[in-house]
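Worksheet: the structure to be examined is printed underneath.
Values in this text are rule-based calculations from the coordinates and carry no lab data. Fair warning: this is a prediction, and the values are worked out from it, not measured in the lab. FYI the Cβ positions are ideal-geometry reconstructions off the backbone, even for glycines, and counts take in every protein chain you see.
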Ligand code: GLU
């Protein structure tokens, strides 16, 4: 994103980690870029803990994220937003879409969906929900249902990603994904969109493993007639073998760079800054310069 870009209104970014493990070094890099972009534009940077996966989210992981962010001096604006606490609001939006005809009840059973996937696999077709309940209204009494988005089927969507450039996907490739599960809990796809909207996020800067999700999220944003954020999907950090950096490569939590390797936060920041970005020959970049550049 060009530093000279004229941005109308206030810039709001966010870092939205799932607290399922330590604060990964790749997560710290995403947080840093969000922080810098917001500070450059005199905007706001928010922290949202995506703790909707109750089985995998842990208190120690939340503590590690807050601790790592504080150590790296990545101060966030306002209170930390805990996604799980917003579940009622997520459900409300699913029901709004249902009432407006932009979503529908799907009564397909897990067995039916497994059979569908098997058929698609056998026919070497991409696995996706076929919309079998999209136009039905013969709803059975007392049966479980999920709420699915009635996604557009014709045409295509182009995202003008600020890092990847324009990326186009045919709507035929996207299926009617689930918004609300039969137990009334929101899916990740729904929660992210509602929270970004309610938090006023203008720029979604995150790892490019989320680029595919952006097309589904945009369909949801358009169904709600909400303002569309600017997307910037940054390449992930990879190991020497080309695979996404993981524990297998010896990747550590941010705390280990401090406690085991004894690195200073300024050194970690400088390293992360220059991983995939640079400013001429500058090797040691101060915070002020980083914000400016
Ligand atoms: N919670 C997601 C993750 O940790 C990020 C979601 C997002 O940035 O939109 O990968």
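Things to note:
- Region 114-176 holds strands (runs of 3 or more DSSP E) entirely within its bounds, and those carrying 3 or more residues that are surrounded by fewer than 14 Cβ atoms within 10 Å (Cβ to Cβ) and within 21 Å of the chain's Cα centre (by Cα) map to 165-170.
- Residue ID - nearest to the ligand (Cβ to nearest atom), chosen from residues in region 180-205 that are over 12 Å from the mean Cα position of the chain (by Cα) and in a strand (DSSP E or B): 186
- Taken as a whole, the structure leaves residue 70 outside the set of residues that are closer than 15 Å to residue 254 by Cβ, part of a helix (DSSP H, G or I) and within 14 Å of the ligand (Cβ to nearest atom).
- Residue-level check: of (1) over 23 Å from residue 43 (Cα atoms); (2) more than 13 Å from the ligand (Cβ to nearest atom); (3) surrounded by fewer than 17 Cβ atoms within 10 Å (Cβ to Cβ), residue 223 misses just (3).
- Selected residue [more than 29 Å from residue 202 (Cβ to Cβ) and surrounded by fewer than 18 Cβ atoms within 10 Å (Cβ to Cβ)] from 266, 260, 228: 260
Conditions (1) within 14 Å of the ligand (Cβ to nearest atom); (2) over 16 Å from the mean Cα position of the chain (by Cα), marked per residue:
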{"position": "39", "(1), (2)": "no, yes"}
{"position": "52", "(1), (2)": "yes, no"}
{"position": "56", "(1), (2)": "yes, yes"}
{"position": "63", "(1), (2)": "no, yes"}
{"position": "94", "(1), (2)": "no, yes"}
